[in-house]
Amino acid sequence: MATSEWRQSAVGLGLAFGSAFGVIIPLIFGFELVYGIVIGATVGWIVGTIISLKRE
């Protein structure tokens, strides 16, 4: 049951962790912060959606 609840919040977790990761990456590679946040959130959303839709 806990796995099902975790999968339901995977999209939100993906957005949160992707955005946080998107803040760190521009500092390392030296491009605009806004682009990093958008790219991180998009990747996090895609990964979260795939995890939430994947069946056991």
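The values are calculated or read from the model by the stated rules, or taken from the named source; none is laboratory data. Note that the coordinates shown come from a computational prediction; the quantities given were computed from them, not determined experimentally. Every residue, glycine as well, gets a Cβ built from its backbone with ideal geometry; the counts of neighbours run over all protein chains shown. Accessible surface areas use protein heavy atoms only, side chains included; no ligands, DNA or RNA. Shrake-Rupley method; radii C 1.70, N 1.55, O 1.52, S 1.80 Å.
Would you mention how many residues in segment 17-49 are among the small types (Gly, Ala, Ser) and out of contact with any Ser or Thr (no Cβ under 8 Å at 6 or more places or on another chain)?
The total comes to 6.
Within segment 29-52, work out how many residues are at negative phi and either outside any helix (DSSP H, G or I) or polar (S, T, N, Q) (or both).
The total comes to 5.
Which residues, counting only those in segment 9-28, are in a helix (DSSP H, G or I), of a type outside the set (A, V, I, L, M, F, W, C) and open to solvent by 40 Å² or more (accessible area, probe 1.4 Å)?
Gly12
Which residue pairs have Cβ atoms under 7 Å apart, sit 6 or more places apart or on different chains, and have a first residue in segment 38-49 that is without any contact (Cβ under 8 Å) to a residue 24 or more places away in the chain and a second that is assigned to a helix (DSSP H, G or I) and open to solvent by 70 Å² or more (accessible area, probe 1.4 Å)?
Gly40/Phe21
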